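Asks: Before anything else, here's the structure in question.
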Amino acid sequence: MNKTLVVVGSQWGDEGKGKITNYLSEKADFVVRYQGGDNAGHTIKFDGTTYKLHLIPSGVFNPQVTNILGNGMVVNVRNFLTEIARLQDQGFKCKNVFISDRAHVLFDYHVLLDGIKEESLGANLVGTTKKGIGPAYTDKVARDGIRMIDFISDDFFTIFKEKIQNKNKELIALKKEPLPFLPLYQEYQKIAEKIAPFVIDTISLLNQAYSQGKKILFEGAQGALLDVDFGSYPFVTSSNASACGVCSGSGLGPTKIDAVIGVVKAYSTRVGSGYFPTEFEDETAQYIRETGNEYGTTTRRPRRIGWFDGVVVQYSKMINGLTGISLMLLDVLTGLETIKVCSAYKIRGKTIHTIPASIRELEKCVPIYEELPGWKEDITQVKSFDELPENAKNYIRRIEQITGLDVQIFSVGPDKTQTIIRKELF
Ligand code: GDP
Ligand code: IMO
Ligand code: MG
């Protein structure tokens, strides 16, 4: 049985990572977020209540799980405290949550700069979540960020003063109002005091836990096609959302990763800009959007809808080293007469099975579809593969053939109970 398992988005995010992570966390000792920030919106439903998480790992509802915000994350500290307070109001003590001392702090000026950058791009905007993610990672890579360990230290006054001076030069050059240092410092100083008890050396803790044979689940945010290296650049997020980010974002080395499950919608969705090969917009798309409640968890933007894209999932298999699939939202397709599946792209008369590096090339790719018959029966209560209508079984089988991966888990509704495990993974 696997000791460490990565749950990774294999399309453009919102595949249902939160649901599956929470489900699998019952058997976990640790759940670790390794990248991103509160651009993520992970929805979890159990015992009649729906919860939405942005920064906090989806194992938080299980008191036996230690939840870690890894060093690869950029953490909006104000929003972290709000999220903790909300969970505490809902009855979860959150004594089991820790932040890496090496994680970067996401400040208000990052949010401001995200908005300014998007505005300046006009029609070419990325369509970010405007949570400051790009600017926070820009500072990190430019060796200009502030890490948690410095945020909670006595040196924060001096570090922050210099930072605000530099940010103000940037803002003035952009013809924007400069930021007032002292009130901002005082506000963040109070936040730092509240954050300090959460900040620890998570890298040593995780490696020690691994040596003791503890079970560790990694929860990806966003998805493979939004990865800054592997996604449809520049219409991507600013971190390594794919499984490659696990090591750099948590401090557990690559030899310690046992398995990687790709979370995949039974169709495709995307929010924000960028070419989306299987996208379509008609009555069927609208039906899928409403039935699947396809509105962003973080921004409430309507999600763009597309058919299942086998090229995307094969590419995701390659870059993530996927060992299996968790197929989500299968119930949403119930009632469709026929369902289209893309198994390859056509470009300049050639058939290809991978994602070109250039978005201009990608934009020329035309999906090659096959049509599979749909099913009418309600599947939201099925408890096994055998109980599915024949056409739903065939749909799953075809996805397995195209991707060369087993559908190890499938999901027929948002609730935790609507999860079917075909292979025990953890
Ligand atoms: P994440 O970002 O990958 O965690 O996914 P989101 O939470 O942003 O979006 C997934 C949405 O699908 C949420 O509203 C979930 O409650 C919902 N969901 C997850 N699995 C299923 C499923 O099998 N069927 C249906 N109908 N909804 C699901
Ligand atoms: P979860 O974890 C879907 C998208 C944005 C935009 C691009 C860059 O819930 O799956 P950013 O704010 O990160 O700079 O935006 O990435 N995006 C997501 N799309 N799910 C997410 O997270 C996303 N996080 C960012 O819409 O296109
Ligand atoms: Mg989401």
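Rule-based calculations on the coordinates, nothing more; no lab input. Quantities reported herein were computed from a predicted structural model and do not represent experimental measurements. Cβ sites come from the backbone with ideal geometry, for glycine too, and all protein chains shown count toward neighbours.
Asks: Can you name every residue in segment 38-62 that is of a type in the set (G, A, S) and more than 13 Å from ligand 3 (Cβ to nearest atom)?
Replies: Within segment 38-62, the first condition is being of a type in the set (G, A, S), and the residues that meet it are 40-41, 48, 58-59.
Listed by number, the residues that qualify are G48, G59.
Asks: Could you list, in sequence order, all residues of segment 1-21 that are within 13 Å of ligand 3 (Cβ to nearest atom) and out of contact with any helix residue (DSSP H, G or I) (no Cβ under 8 Å at 6 or more places or on another chain)?
Replies: Listed by number, the residues that qualify are D14, E15, G16, K17, G18, K19, I20, T21.
Asks: Given the criteria more than 16 Å from the chain's Cα centre (by Cα), buried (at least 24 other Cβ atoms within 10 Å of the Cβ) and not basic (K, R), does L53 qualify? Let's see the steps before the verdict.
Replies: On the way: more than 16 Å from the chain's Cα centre (by Cα): no; buried (at least 24 other Cβ atoms within 10 Å of the Cβ): yes; not basic (K, R): yes.
So L53 fails the test.
Asks: Let me ask something additional. So which residues in segment 360-371 are surrounded by 15 or more Cβ atoms within 10 Å (Cβ to Cβ) and aliphatic (A, V, I, L, M), if there are any at all?
Replies: L362, I368
Asks: Do any residues in segment 100-118 that are crowded, with 23+ Cβ neighbours inside 10 Å have Cβ atoms under 6 Å from those of residues that are among the β-branched types (V, I, T) and in a helix (DSSP H, G or I), where the two are at least six apart or on different chains, and which pairs are they?
Replies: S100/T202; V105/V77
Asks: Kindly indicate which of K169, K256 is without any contact (Cβ under 8 Å) to a residue 24 or more places away in the chain and either out of contact with any helix residue (DSSP H, G or I) (no Cβ under 8 Å at 6 or more places or on another chain) or charged (D, E, K, R) (or both).
Replies: Numbers: K256 fails: without any contact (Cβ under 8 Å) to a residue 24 or more places away in the chain.
Just one listed residue meets the conditions, K169.
Asks: What is the number of the single condition among (1) farther than 30 Å from M1 by Cβ; (2) more than 10 Å from ligand 2 (Cβ to nearest atom) that Q208 does not meet?
Replies: It is condition (1) that Q208 fails.
Asks: Let me ask something else. Find the helices (runs of 4 or more DSSP H) located wholly in segment 144-262 whose residues include 3 or more that are on the phi < 0 side of the Ramachandran plot and among the hydroxyl-bearing types (S, T, Y), and list them.
Replies: Details: elements: 148-151, 156-173, 181-195, 202-211, 245-250.
Fully inside segment 144-262 and qualifying: 202-211.
Asks: Still on this structure, I have one more. Looking at G220, G272 in this structure, which one is within 16 Å of ligand 1 (Cβ to nearest atom) and under 27 Å from C365 (Cα atoms)?
Replies: Details: G220 fails: under 27 Å from C365 (Cα atoms).
After ruling out the rest, the residue left standing is G272.
Asks: Among the numbered criteria (1) in a loop (DSSP other than H, G, I, E, B); (2) in contact (Cβ under 8 Å) with a residue 24 or more places away in the chain, which single criterion is violated by R300?
Replies: Of (1) in a loop (DSSP other than H, G, I, E, B); (2) in contact (Cβ under 8 Å) with a residue 24 or more places away in the chain, only one is false for R300: (2).
Asks: Can you tell me which residue among V341, V332 is under 30 Å from P414 (Cα atoms) and part of a helix (DSSP H, G or I)?
Replies: Values: V341 fails: part of a helix (DSSP H, G or I).
Residue meeting the stated conditions: V332.
Asks: Do we have D201 as under 24 Å from the mean Cα position of the chain (by Cα), under 30 Å from S10 (Cβ atoms) and surrounded by fewer than 17 Cβ atoms within 10 Å (Cβ to Cβ) here? Please lay out each step first, then the result.
Replies: Working: under 24 Å from the mean Cα position of the chain (by Cα): yes; under 30 Å from S10 (Cβ atoms): no; surrounded by fewer than 17 Cβ atoms within 10 Å (Cβ to Cβ): yes.
Against the criterion (under 24 Å from the mean Cα position of the chain (by Cα), under 30 Å from S10 (Cβ atoms) and surrounded by fewer than 17 Cβ atoms within 10 Å (Cβ to Cβ)), D201 does not qualify.
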